[in-house]
1. Test of understanding: express the Cα radius of gyration of the chain as a ratio to 2.2 N^0.38 Å, with N the residue count.
2. Restricting to Cα pairs below 8 Å that are 6+ residues apart, what does the relative contact order work out to for the stretch 211-369? Please round to a whole percent.
3. Per the helix-only calculation at 222 nm, which mean residue ellipticity applies to the chain, given -39500 (n - 2.57) for every DSSP H run of n ≥ 4 and division by its residues, nearest 500 deg cm²/dmol?
4. If you find the alpha carbon centre of the stretch 268-292 and of the stretch 44-109, how far apart are they in angstrom?
5. Within the set of other residues whose C-beta is less than 11 Å from the C-beta of ASP233, count the net charge using Lys and Arg as +1 and Asp and Glu as -1.
6. Would you kindly calculate the mean projected area, averaged across all directions, of the convex hull enclosing the Cα atoms of the stretch 231-369, in square nanometres?
7. How much length is gained on full extension from ASP242 to ALA18, taking 0.36 nm per residue of separation minus their Cα-Cα distance?
8. Mind telling me which of GLY84, GLY206, GLY258 comes out most flexible in a GNM of the chain, alpha-carbon contacts under 10 Å?
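The values are calculated or read from the model by the stated rules, or taken from the named source; none is laboratory data. Predicted model only: the values in this text are computed from it and were never measured. Here the Cβ positions follow ideal geometry from the backbone for every residue, glycine too, while neighbour counts run over all protein chains shown. Accessible surface is based on the protein model in full, side chains and every heavy atom, while ligands, DNA and RNA are left aside. Shrake-Rupley method; radii C 1.70, N 1.55, O 1.52, S 1.80 Å.
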Amino acid sequence: MPRPTIDLVKLETAADAASPEAQYLLSWVVAQARQVWAEVTLRRQAPEAPLAAPADGGDLLLLGTGNVLVAARSLAAMAERRAGGTSVVVPMALECVTRPDDEPLYSLRGFERLESRWLAEPFETTEPARLLPISLLSADAVERCSPALPLPADDVARAGIYHQFVDYYGEAREDVLPFVPPHAHDVLEVGCGNGATGRLLQDRLGCRVTGVELNPAAAAAAARHLHRVVCGDVAEVALDGDFDAIVACELFEHLPEGEAVLRRLADHLRPGGRIVLSVPNVGHHSVVADLLAGRWDYLPIGLLCYTHYRFFTRRTLEDWMRRLGFGKVELVAQRTELPAQLAALAAQGGLEVDAESLSTKGFYVLIEA
């Protein structure tokens, strides 16, 4: 007997539509759904548009805005509960199933481990069930349920887990504040997203922030908050004037010609100014452990983001700075806890193991004018 078909409806903002990271994850989820249903029909619609049931009266898999990750095993568990007659099936949020001693989520493999545990040992929750950010619905449930309201307790089941990543364009990076010179009056933020970090800098330091953003929808949102926003590729757009500080968080790993861009930015730094970069470390224990397990899985955000062109370690960054001729550079490690197994490996000898690199998820790179 053939498996059934499913309509997958993705609620998509303009920023999502223009984001290669969001589009990658959506294609990944569709591929996961095809392991469960014989045919998957993808429909995209604006979040404010009314939700319509599938024309054939079948089931609907609803994905909310942003980067929502759900894998085949959880989708299969949801489909099984739906086949049992429940009208609405909602997975659990990853943060609701983690324990205090669980490692933070760094990789797809880490998500799969938590998923396996939850599927083997499900538990009850008081978290109200909602259609968003993900749910599986019968056609009649689509007509009577509202995405904005909690679902009625009857005829709703829990199955599987999902993870919703932080807003790729909306995260406010408060962690960079200590590295921005307090006297900075004019600040350039490259990759400003929707302006959350730049707005924070303006509020805390009283500075003026000029943002550069490639995504047109995110740039339009940032323009409502920042002193000025330039939409386009930082390698090509006009950068008018000089700045007391230049900030770029998780940017240079995404650039095919990062060295040329960094040289260009340095030309716009005033005497006594500082460039503040945040760069992920590919030598982090989560990446190394995945490689030992034969894995290298891209995600829409994080250490193995889908759109990374370059990968860095401390040694790579130090070499990069020397080759570009920057003399006043400081690297500040962003430390995480090292799992016991890898700590033991570092301690036992026999292999050349850099324990500091394994426990560092990234570096702040501080370049003085």
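1. In units of the 2.2 N^0.38 Å rule of thumb, it is 1.10.
2. It rounds to 25 percent for the stretch 211-369.
3. -8500 deg cm²/dmol, from helical runs alone.
4. 33 Å
5. Cβ neighbours under 11 Å give a net charge of -3.
6. Average projection, Cα convex hull of the stretch 231-369: 9.6 nm².
7. Contour length minus the Cα-Cα distance gives 77.7 nm.
8. Per the Cα network of the chain with a 10 Å cutoff, GLY84 tops the list.
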